[in-house]
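This report concerns only the one structure given below.
The values are calculated or read from the model by the stated rules, or taken from the named source; none is laboratory data. Model, not experiment: these values are computed from the prediction. Because the Cβ atoms are built from the backbone with ideal geometry, glycine has one as well, and the counts that use them run over all protein chains shown. Please note that ligands, DNA and RNA were not included when accessible areas were found on the heavy atoms of the full protein model with its side chains. Shrake-Rupley method; radii C 1.70, N 1.55, O 1.52, S 1.80 Å.
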Amino acid sequence: MGEISIKINIADRVYPLKVNMEEEEVIRRAAKIINDRIKEYQDNYAVRDKQDLLSMCVLHYATATLKAERKVMHEKYEKIIKKSTTASTAIEG
């Protein structure tokens, strides 16, 4: 599919983007998630500066990404160990 032009609002700023049509929904959803997180921080903390709120969001999502990556790697290692143990048992066995 082709590219389309869209406008995304994040933290009360509009960003014009050219995206593939199949990515539009994901990008709009990501912007909504970011804006919802900003609103949550505004409501729960005495922070009003948009830069501070955006920095808090970046830290939150970067941390979540790293945790998810660590979990995936841990699951991969567990599968490798299990296969290795199964193969070793079969050879010895």
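Probing with 1.4 Å while keeping every protein chain in the model, the per residue accessible area of the chain equals 84 Å².
As a calculated quantity, the FRET efficiency between E3 and M73 at R0 = 41 Å, using C-beta atoms, amounts to about 0.75. Here K76 is the anchor, and the lysines within straight C-alpha reach of less than 17 Å, apart from those fewer than 8 places off in the same chain, are K67. Working from Cα pairs under 8 Å separated by at least six residues, relative contact order for the chain is 17 percent.
If Lys and Arg each add +1 and Asp and Glu each add -1, what is the summed charge of the other residues whose beta carbon sits under 12 Å from the beta carbon of H60? Here the count lands on 0. Each helix, a run of at least 4 DSSP H residues, gives -39500 (n - 2.57); summed and divided by the residues of the chain, these come to -25000 deg cm²/dmol at 222 nm.
Charge dipole of the chain (Cα centre as origin; +1 on each Lys and Arg Cβ, -1 on each Asp and Glu Cβ, all else neutral): 140 debye, rounded to the nearest 20. Note on K18: aspartates and glutamates with a C-alpha under 12 Å away, same-chain residues under 8 apart excluded, are E3. Charge tally for E23 (other residues, Cβ to Cβ under 14 Å; Lys, Arg +1; Asp, Glu -1): -1. Toward the positive end of the charge dipole of the chain, with +1 on the Cβ of Lys and Arg and -1 on the Cβ of Asp and Glu, the farthest Cα among A31, M21, T65 is that of T65. Its residue count N fixes a reference of 2.2 N^0.38 Å for the chain, and the Cα radius of gyration divided by that reference is 1.72.
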